[in-house]
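Heads up: the structure comes next, in structure tokens.
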């Protein structure tokens, strides 16, 4: 489950800095668990792939089973691939050719699919509530 094993986000994040988003700049000076950008003076933390994956899992937990994607590569081209010995649904990712266990039942509920589409398009909460005709009480459930 290392979607971010090859992604490096250790770069200056200061708007206007000449090193904004540049990896491995000669202006970077390691200082313990942080890196100093000598161009702007910004001190940014070194973020490991493990930390990025833990954040991804925590951030996506409320949407688990709703937005369906491969935990390895994030691909959405999935195929049902039988069941585990414990009876859990296995899925196959056509993009990275790996299998994984889907811990939530994949339902084809039209409202949930519409919700997933709206979330994927970046709709605001107000737009989602209006599109799905859900009041604020029902939406918070």
- Task: Starting from the Cα-Cα distance between residue 89 and residue 112, subtract it from 0.36 nm times their residue separation and give me the gain in nm to one decimal.
- Result: 6.4 nm
- Could you quote the convex hull projected area for the range 1-61, Cα atoms only and averaged over all directions, in nm²? 4.6 nm²
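Each reported figure results from applying straightforward, stated rules to the coordinates on display, with no laboratory input. This structure is a prediction, so every number in the text was calculated from the model and none was measured.
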